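Reviewing the structure listed below.
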Amino acid sequence: LAFKRSKARELAKIRGEELVKTIEAGLEKPEGERKTMSETLEGVTVLGTEGSPVLSMRQTLPFSWMEQSMTPQMNFMQQPTARLSSIRFADEIAGTIRYAGPKFMQTVFEELGNHDVAVVPNEDFSSYYVVQVLDRTPADQNGEDILRQQCISA
């Protein structure tokens, strides 16, 4: 079972990298011919073969790497805690990216720039996502200092 899962992960990553190349080719075209990720992948199947399910494309709501825990404070001395943000989808199906751990966040926030495309697995490697960063809000330096201070004091 472990061997089969390992091989399946390799195949999923390879397929994801093929899709990334296809998307990048569409994005690199001249202005009038340029295609978005969704236009490029329209009708493309998961396995790239006939009879395979069509890829589903979903956009997320804006999210940050960390968020403040919403647990109520029990006393005035208790410090708020930070945790990894959940990544929610923007469509009517809703839901979240399951197991988007520190490596997922590091790739999205530190390794990818605006409009970059990459294959990113979730924490337990059960899903591989082809992601494109569409818009990045500049970091609030003061907010980062406060969050960093809270994490250091914890």
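The values are calculated or read from the model by the stated rules, or taken from the named source; none is laboratory data. Model, not experiment: these values are computed from the prediction. Note: ideal-geometry Cβ built from the backbone for every residue, glycine included; neighbour counts use all protein chains shown. These accessible areas exclude ligands, DNA and RNA; they are computed on the full protein's heavy atoms, side chains included. Shrake-Rupley method; radii C 1.70, N 1.55, O 1.52, S 1.80 Å.
Observations
- Residues of the range 36-52 classified as open to solvent by less than 90 Å² (accessible area, probe 1.4 Å) and part of a loop (DSSP other than H, G, I, E, B), total: 9
- Residue in the range 44-54 that is touching a Lys or Arg at 6+ places or on another chain (Cβ under 6 Å) and closer than 26 Å to Gly101 by Cβ present: no
- Lone unmet requirement of (1) more than 11 Å from the chain's Cα centre (by Cα); (2) over 20 Å from Leu11 (Cβ atoms) for Phe125: (2)
- Qualifying residue in the range 83-93 (condition: within 20 Å of the chain's Cα centre (by Cα), exposed (fewer than 11 other Cβ atoms within 10 Å of the Cβ), under 25 Å from Arg15 (Cβ atoms) and at pLDDT below 90): yes
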